[in-house]
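Only the coordinates and a few stated rules stand behind these numbers; no lab work does. Owing to the predicted nature of the structure, the values given are computational and were not obtained by experimental measurement. Positions of Cβ are backbone-derived with ideal geometry, glycine not excepted, and every protein chain shown enters the neighbour counts.
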Amino acid sequence: MRDLLARTAHELLEEIGSGDLDHNALMETQLGFAREIDGELNGFTAWADFQGEPGWELDLSPDRPQGLSRMPYAAKDLFATRGLATTAGSRILEGYAPDFDASVVGHLREARNHLVGKTNMDEFAMGSSGENSAYGPTRNPWDRTRVAGGSSSGSASAVAACQSFMALGTDTGGSIRIPASFCGVVGYRPTYGLLSRYGMVAYSSSCDQAGTFTRSTLDAALAMNTMSHPDPLDSTCRASEGIDYYQSAKQAVHWNKLRVGTIRQFSDPAKIDAAVLANYERSLDILREAGASITELDFSVADYCIPAYYVITAAECSSNLARYDGIRYGAEPEGRELLERYIDVRSRGFGEEVKRRVLLGTYVLSSGYFDAYYNRARAMRAEISRSMAEMFSQVDVILCPTSPNVAFGIGERMDDPVAMYMSDLCTVFVNLAGLCGLSMPNGFAAAGDEQLPTSVQFVCPGFHDSLLLRICAQFEQLSDWHYTPPAWVLKQLGA
Ligand code: GLN
């Protein structure tokens with residue numbers, strides 16, 4: 001049965017549906033394999049247990065479209081999971097096990113999907129490499145001396161290394177798309193508001209968004225059908241019932257009517273590695289040959305995306321993280337005075353990057369600097385949104401590389417936070433402007449002795465997720481990319 005672990009969810013769902021495959025056995029095999037190889041990857045922070053569910057009949061309301069069900073999945077360690085440790089990769093939440101499920105986890109559970117475990121991540125989702133985790137870095141399944149990308153590092157490596165068919169991640173500025181690109185899987189960041197944020201540990205509330213890692217776009221669409229529902233517990237949730245992302249993704253695209261945009265600033269050889277650009281050009285050629293028209297667009301405010309993003313998210317994080325005060329969460333602090341106790345618990349509990357952002361955020365929100373930094377960043381954000389709206393009046397979808405480079409070595413960028421922040425060059429505009437984006441593997445690039453995955457990013461306007469998923473699913477058919485696990489994983493699978 002192990003060889004099934006390298007397949008896609010939608011293929012296996014058909015076999016489960018027709019009675020050819022026992023989902024309990026699949027789950028047991030999945031759990032066993034995930035644990036067996038995780039010593040090589042450090043992708044998981046906690047394992048769920050599984051007793052098997054004999055009468056595991058699926059009894060969903062018939063008016064709901066077909067979604068992901070009865071499949072093993074993993075969740076980034078910032079989704080609240082009832083009874084299972086939820087630490088957001090931080091020492092400060094050590095020992096915290098919520099007594100409730102995040103809304104998306106609840107929907108997955110209701111559809112009888114079973115959790116494999118919680119996945120490693122940059123502390124509070126702050127990072128681009130996975131190295132800011134209190135549990136140590138996740139290793140990239142394609143080359144275990146390299147990072148898996150961040151912040152949803154463990155979720156990306158889990159799907160790439162056959163430890164799970166789907167994994168939940170969050171993407172505040174690229175944390176799904178970047179690790180998906182480094183690990184060679186599909187990473188989808190839905191429009192802000194399409195999935196409830198209830199039960200997600202908050203980093204930057206105006207940008208945080210849940211999404212998925214899968215081995216095909218159709219699997220991402222299936223997961224959306226299961227998870228995207230209105231939620232009274234999240235006032236920013238704007239999902240509506242009745243949209244069938246899966247059926248929509250299977251429809252044909254009229255390529256000769258499709259208007260594709262590229263962004264000049266994101267194909268600049270001074271900023272993007274040659275191998276990444278070469279594969280990106282190949283993806284554009286595929287679309288061109290299919291009949292799509294391709295227009296180069298000028299994103300004149302591109303250089304402001306990273307500064308605006310890091311000011312806004314730092315400001316929001318300094319406010320969101322104020323709740324970790326050693327009273328409601330965190331280890332028992334030392335000291336008699338309240339201030340002493342705050343200082344003690346936060347100094348010990350937070351890692352270096354989180355402290356840097358809390359300080360930066362407090363600074364940009366302080367009365368003397370509020371206008372100079374925070375308000376200017378907000379004005380830039382509005383300008384970025386305007387600029388994107390203007391581009392989407394000319395094209396249906398925008399393509400750009402997901403990441404300027406392939407996965408880098410563990411430790412390589414840790415001394416230079418600004419170099420690390422630049423990893424998000426081509427991703428943060430999606431979050432700032434409320435768009436939807438999907439990172440799709442598009443080839444490999446040689447790095448040392450290894451071949452490492454590269455990806456292309458597809459971006460559509462907010463709430464055009466059905467269109468985005470359709471374009472990506474159909475592009476996947478045109479392209480020569482189909483998920484295959486790294487050679488050592490295949491060997492472990494005995495396949
Ligand atoms: N790398 C970005 C940051 O550190 C994005 C993180 C994310 O999307 N959660 O903020």
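A run of the chain free of exposed loop cleavage sites, with GluC sites (Glu not before Pro) counted only in DSSP states other than H, G, I, E and B and at most 16 other beta carbons within 10 Å, reaches its longest extent at 95-240. Counting every C-alpha pair in the range 117-180, the share spaced more than 15 angstrom apart comes to 37%. Legend: calculated FRET efficiency, ARG91 to ASN256, from the Cβ-Cβ distance at R0 = 51 Å, rounded to 0.05, equals 0.40. Annotation: aspartates and glutamates with alpha-carbon distance below 14 angstrom to LYS355 (same-chain offsets under eight excluded): ASP122, GLU123, GLU316, ASP325, ASP344. Within the range 387-490, all pairs of alpha-carbon atoms sorted by distance into 5 Å bins from zero give the percentages 2, 10, 18, 20, 18, 15, 11, 6, 1, 0. In summary, the convex hull built on the alpha carbon positions of the range 149-208 has an orientation-averaged projected area of 3.9 nm².
For a paramagnetic label modelled on ILE286 (point 7 Å from Cα along Cα→Cβ), amide N atoms under 13 Å away belong, within the range 181-214, to 185-186. Cβ crowding within 10 Å ranks TRP142, TRP481, TRP488 as TRP488, TRP481, TRP142, fewest other Cβ atoms first.
Considering the options LEU41, GLY19, GLY89, tell which one lies farthest towards the positive end of the dipole of the range 1-133, charges being +1 on Lys and Arg and -1 on Asp and Glu at the Cβ, about the Cα centre. Projecting each Cα onto the dipole axis, the largest value belongs to GLY89. Listing ILE37, ILE471, ILE410 from fewest to most neighbouring C-beta atoms within 10 Å gives ILE37, ILE410, ILE471.
Within a straight-line Cα-Cα reach of under 18 Å, LYS118 can be paired with the following lysines, leaving aside sequence neighbours fewer than 8 residues apart in one chain: LYS76.
Put simply, the range 196-300 fits an ellipsoid with semi-axes of 32, 21, 13 Å; these come from the alpha carbon gyration tensor as the roots of five times its eigenvalues, largest first.
Would you mind counting up the charge near VAL456? Only other residues with Cβ under 12 Å from its Cβ, with Lys and Arg at +1 and Asp and Glu at -1. Within the 12 Å Cβ shell, the charges total -1.
Over every Cα atom in the chain, the radius of gyration and the widest Cα-Cα span, Dmax, amount to 21.3, 71 Å. One quarter of the convex hull surface built on the alpha carbon atoms of the range 313-472 amounts to 13.3 nm², the projected area averaged over directions.
At an R0 of 25 angstrom, the distance between the Cβ atoms of TYR369 and ALA270 translates into a FRET efficiency of 0.20.
Considering every alpha-carbon pair of the range 61-183, the percent of pairs per 5 Å bin, from zero through the bin containing the longest distance, is 2, 13, 21, 23, 19, 12, 6, 2, 1, 0.
The H on the amide N of SER455, modeled in the peptide plane, is under 5 Å from the matching H of THR402, SER403, ASN442, each at least 5 residues off or on a different chain.
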